[in-house]
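Undergrad: Right, I'll just put the structure down here and ask away after.
Just so it is clear, none of the values below were taken in a lab; they were calculated from the coordinates. Everything quoted here is computed from the prediction, not taken from an experiment. Note: ideal-geometry Cβ built from the backbone for every residue, glycine included; neighbour counts use all protein chains shown.
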């Protein structure tokens, strides 16, 4: 699943398929999921940054995406089983909110959403929040999960979830982006944290350092320089290989691989 | 119910009582409802701007207020029957959100909240939204109710609900504040709209002009000049008299009266 900007600049989603997930991509000839501005005025300016989670209980993929309009970006939900037809559930947050993903299962009977609202008040920051829902439609018990750090840390500007949380033996592996604002622009890097498997409100550990940042020419330069930004990754349960697909400088799509066990080991050391 | 700022600047609520609603106010000697920062970190910087609605079905007053912290202002809910003890329900929106009130009854089985989220994206505005809930805890179906106007209108900067909606024979009377940003600061004025009694998503009419704005010295000058801002009004069903209590320049509390029928007549003409 790839984000493609049309010539008019209204974002939409287009499916790309590959047998090995790395090469020989076949990209759908026309956009797969486009804004439905008639029924859904909240997405008249486009749909962006989908996080896709398989929900075993519902036998559907849940797509949480940014719906964009003059009323501000917000999180909307769509469901699909085939990536051909999509059932839109509409806004599940008010604006301004982005970078949202469901967890694949319920906790104490409720679904859980990670998201990133943006306050405007001086002194406040864009942090990662959790909300809970009995029905995927009505959400409550909003609470801060992780805050942007203070000072000149790599994730002091703002933070937000990157790919959906990944279930591991040790907990939910959270891959998040952090922004550092500098005099010459923002740098988007990626860090790691771990949440309790049974209670995602509990942060077990969070790495002090970033684990992945712009180092290549196509990450340094593009529409938005110095950005690596991921909305999706795939874990191979057998080999432990993790494949992270990411936007490079908002212009190209890159693939980075790691070993899940090694990431968890690194996180244990880096958070110490 | 009066907003009082403590010397440290953390807002709280203090009850004031009067037999005629106009004179001889007795103000509680100590704050009636203060931030509970231990259990409720969302209000560690204070609680502000309560909208109070009697819910006949629950035989309780619902207080929707702005809870303030470094994570940004959001809407929280508390319930009370006596204004001595308060049951806190915590955040019912994510930040940034303010100016919220319940309607006193359900629509198609769900509670309805007016609120005012604030998007930060260039070109977006702070508008009035509706959300719906089966249980007062989980909220969804977020939608725009009314937008700030364009250009140099009195309500082009941002808008938000002022007192809770008032049920009349013609519909829900909505008293809202509109902001015009000028080179020398913002002007907060008050306007009127009418919503369908059975479906508050439907705006029947909205006045073009404002109906109440700063004209007196204590409205022109104070902590925040050129502001009239109301969070509460009381209607006398017999006489039709409406009493609106409002903050004047964020420094004093004023009382303005009107006749509900005359306001509805004016609204019909002004919206034409």
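Undergrad: Give me Rg/Rg_expected for chain A, where Rg uses Cα atoms only and Rg_expected = 2.2 N^0.38 Å with N residues.
TA: Rounded to two decimals, the normalised Rg is 0.96.
Undergrad: Right, something else. Can you give me the Cα centroid spacing of the range A:103-150 and the range B:142-198 in angstrom?
TA: Rounded to whole Å, the Cα centres lie 29 Å apart.
Undergrad: Compute the length gained on full extension between residue A:236 and residue A:196: take 0.36 nm times their separation in residues and subtract their Cα-Cα distance, giving the result in nm to one decimal.
TA: Contour length minus the Cα-Cα distance gives 12.3 nm.
Undergrad: Could I ask something else about it? Once Rh is set to the Kirkwood radius over Cα pairs, what Stokes-Einstein translational diffusion coefficient, in µm²/s, holds for the range B:148-272 at a temperature of 37 °C and a viscosity of 0.692 mPa s?
TA: The estimated diffusion coefficient comes to 222 µm²/s.
Undergrad: Additional query: Would you mind giving the average projected area, over all directions, of the Cα convex hull of the range A:71-182 in nm² with one decimal?
TA: 9.0
Undergrad: Another question about this same structure. Using a Gaussian network model of chain A whose springs link C-alpha atoms within less than 10 Å, name the residue from A:82, A:99, A:209 with the highest mean-square fluctuation.
TA: The residue that fluctuates most here is A:82.
Undergrad: For a quick check, take a GNM of chain B with Cα springs below 10 Å and name the residue from B:61, B:176, B:188 with the largest mean-square fluctuation.
TA: Result for chain B, Cα springs under 10 Å: B:61 fluctuates most.
Undergrad: Across 10 Å bins from 0, what is the distribution of all Cα-Cα pair distances for the range B:123-183, in whole percents?
TA: 20, 40, 31, 8, 1
Undergrad: Let me ask something else. Need one value for A:113-120: mean number of C-beta atoms belonging to other chains within 10 Å of its residues' C-beta atoms.
TA: Across A:113-120, the average partner-chain Cβ count within 10 Å equals 5.
Undergrad: Also, quick follow-up: Can you give the FRET efficiency for residue B:266 and residue B:152, using 1/(1 + (r/R0)^6), R0 = 25 Å, r = Cβ-Cβ distance, to the nearest 0.05?
TA: 0.65
Undergrad: Here's a follow-up. How large is Rg over Rh for the protein assembly as shown, taking Rg from the Cα atoms and Rh as the Kirkwood inverse mean of 1/r across Cα pairs?
TA: That ratio is 0.99, to two decimals.
Undergrad: Given R₀ = 60 Å, FRET efficiency for residue A:250-residue B:211 by Cβ-Cβ distance, to 0.05?
TA: Efficiency, rounded to the nearest 0.05: 0.80.
Undergrad: Quick check on chain B: helices-only [θ] at 222 nm, where DSSP H runs of length 4 and up contribute -39,500 (n - 2.57) each and the sum goes over total residues. Nearest 500, please.
TA: So the helix-based figure for chain B works out to -1500 deg cm²/dmol.
Undergrad: Mind checking which chain B residue has its Cβ closest to the axis relating B to A, and how many whole Å off it is?
TA: Reported as residue, whole Å: B:138, 2.
Undergrad: Taking only Cα atoms and a 10 Å spring cutoff, compute GNM fluctuations for chain A and point out the largest among A:131, A:81, A:18.
TA: Largest GNM mean-square fluctuation: A:18.
Undergrad: Normalising by the residue count of the range B:148-272, find the relative contact order in percent from Cα pairs under 8 Å and 6+ residues apart.
TA: Across the range B:148-272, relative contact order equals 18 percent.
Undergrad: Taking 8 Å as the Cα distance limit and 6 or more residues as the minimum spacing, I'd like the relative contact order of chain A as a percentage.
TA: Relative contact order for chain A comes out at 9 percent.
Undergrad: So, one more: Which log10 I(q)/I(0) values does the range A:172-236 give at q = 0.19 Å⁻¹ under the Debye formula, counting every alpha carbon as one identical point scatterer?
TA: Normalising to I(0) and taking log10 leaves -0.80.
Undergrad: Under the definition of partner shielding as Cβ atoms of other protein chains within 10 Å of a residue Cβ, what is the mean value for peptide A:41-49?
TA: If you average over the peptide's residues, the count of other-chain Cβ atoms is 1.
Undergrad: I've got another one for you. For the range B:1-147, just the Cα set please: Rg and Dmax, both in angstrom.
TA: Here Rg and the maximum Cα pair distance are 15.8, 49 Å.
Undergrad: Also, I was wondering about something else. When the scattering of the range B:216-265 is computed by the Debye formula from its Cα atoms alone, each counted once and equally, what is log10 I(q)/I(0) at q = 0.18 Å⁻¹?
TA: -0.58
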